[in-house]
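Enquirer: First the structure, then my questions, so here it is.
The values are calculated or read from the model by the stated rules, or taken from the named source; none is laboratory data. This structure is a prediction, so every number in the text was calculated from the model and none was measured. Quick reminder, even Gly has a Cβ in these numbers, built from the backbone with ideal geometry, and neighbours come from all protein chains shown. Just so you know, the surface numbers come from the protein's heavy atoms only, side chains and all, with ligands and any DNA or RNA stripped out. Shrake-Rupley method; radii C 1.70, N 1.55, O 1.52, S 1.80 Å.
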Amino acid sequence: MMISLYTRVLTNLLACGDLSHASKLLVICGGSKDRAILLDLGFSNVVISNLDTAVEQQDIAPFAWSLQNAEELSFDANSFDFVIVHLGLHHCYSPHTALGEMLRVSRIGVVVFEPKDGWLTRLGVRLGFGQQYEDSAVYHSGFRHGGVVNSEIPNFVYRFTAHELKKTVNSFLPEGRHNFRFYWAMNIPWSRLTMMKNPIHRFLMKVIAPVIERLGRLAPFANNLAAVILKAKRPDDLHPWIRFDDDGKTCVNR
């Protein structure tokens, strides 16, 4: 069984020393999968948040639970070492606003797992293998939630590129040079494919899925991406036209 992209990225961060088991983490749009992986990897100081009012503290234990709107987090700036989102930004009305909030409340950086935009993904959507609107999640919830901001309305599946993430981060935090690392994976949507009526589609996917999954670590063949974004360190990574004023705030270096 191939190791999940989620586990692979966090394991690499631990190995590099950017992340430790004692790091203070916030997960937005989080749930049971985040809990299982973070617990398995040995993290202890974690807050998992979501808009789902049905979630209770015992569902997330031993981690803390917080009811949060990803596009308007209630935490102060730099409250957490890292903020993580796993396939949640595309459920927001404005994925870029939620990413900005992640950057605001993180001290060191953010980890983002999202669908990837690209020619293969767009082809998959046209052929019916992928979704333009996430109706299957709403269907599987009994038409109660799973859509935009966890409502019954299917969300548009906003897919990112590495270049777009760079532009968005640099727009939110223009004062310095940030560090970007990207990872790729192919995620076969088996739950959706088993529902497809055309047996040819199901047969073809079973035949070619192992090959596609192997190629999925290469950007052209991936339908999921992970981004580790380390915020510019002060003062080393600030642009030369930025300095600190007497109050320690950044300002233009005239």
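Enquirer: What accessible area, in Å² to the nearest ten, does a 1.4 Å probe give for ASP135?
Expert: ASP135 has an accessible surface of roughly 80 Å² with all protein chains in place.
Enquirer: Considering the alpha-carbon set of the range 79-136 alone, what are its Rg and its Dmax in angstrom?
Expert: Cα-based Rg and Dmax for the range 79-136 come out at 14.1, 44 Å.
Enquirer: Given LYS167/LYS231; LYS33/LYS166; LYS116/LYS166; LYS33/LYS116; LYS167/LYS233; LYS166/LYS233, which pairs have Cα atoms separated by over 24 Å?
Expert: LYS33/LYS166
Enquirer: For the range 91-178, count all C-alpha to C-alpha pairs, find those more than 16 Å apart, and express that count as a whole percent of the total.
Expert: So the pairs more than 16 Å apart make up 61 percent of the total in the range 91-178.
Enquirer: Let me ask another. Which one, CYS16, CYS92, CYS29, has the greatest fluctuation when you compute a Gaussian network model over the chain with C-alpha springs under 10 angstrom?
Expert: CYS16
Enquirer: Taking log10 I(q)/I(0) by the Debye sum over Cα atoms at q = 0.09, 0.14, 0.17 Å⁻¹ straight from the coordinates, which label in [x] -0.43, -1.01, -1.42; [y] -0.34, -0.89, -1.42; [z] -0.65, -0.98, -1.18 is the correct one?
Expert: [x]
Enquirer: Could I ask something else about it? Show that you can apply the helix-only estimate: for the chain, add -39,500 (n - 2.57) for every DSSP H stretch of four or more residues, divide by all residues, and state [θ] at 222 nm to the nearest 500.
Expert: Theoretical 222 nm ellipticity from helices: -9500 deg cm²/dmol.
Enquirer: At 1.4 Å probe size, what's the solvent-accessible area of TYR133? Round to the nearest 10 Å².
Expert: Surface open to solvent at TYR133 totals about 120 Å².
Enquirer: Oh, and also: Please list, ordered by chain and number, the residues whose modelled amide H lies under 5 Å from the amide H of HIS239; skip anything fewer than 5 residues away on the same chain.
Expert: Answer set, sorted by chain and number: GLY176, ARG177.
Enquirer: Determine the percent antiparallel among the DSSP beta bridges restricted to the chain, to the nearest 5.
Expert: So the antiparallel bridges in the chain amount to around 50 percent.
Enquirer: Along the principal axes of its C-alpha atoms, what lengths does the range 1-152 span, in descending order and rounded to whole Å?
Expert: Here the Cα extents, ordered largest to smallest, are 44, 33, 30 Å.
Enquirer: I would also like to ask the following. Does anything in the range 52-89 have its amide N under 16 Å from the 7 Å Cα→Cβ label point of GLN132, and if so which residues?
Expert: No residues fall inside that zone.
Enquirer: Using a 1.4 angstrom probe on the protein heavy atoms only, line up MET186, MET102 by accessible area, largest first.
Expert: Descending accessible area places them as MET186, MET102.
Enquirer: Which of SER20, SER44, SER141 ends up with the largest GNM mean-square fluctuation for the chain, with Cα atoms connected below 10 Å?
Expert: Between SER20, SER44, SER141, it is SER141 that shows the largest mean-square fluctuation.
Enquirer: May I pose another question? Give me the accessible area of TRP241, 1.4 Å probe, in Å² rounded to the nearest 10.
Expert: Rounded to the nearest 10, the figure is 130 Å².
Enquirer: Okay, next question. With just the Cα atoms defining each centre, how far is the range 71-108 from the range 152-166? Give it in Å.
Expert: 15 Å
Enquirer: Same structure again: Tell me the volume per residue, in Å³, of the convex hull enclosing the alpha carbons of the range 1-68.
Expert: Here the figure is 89 Å³ per residue.
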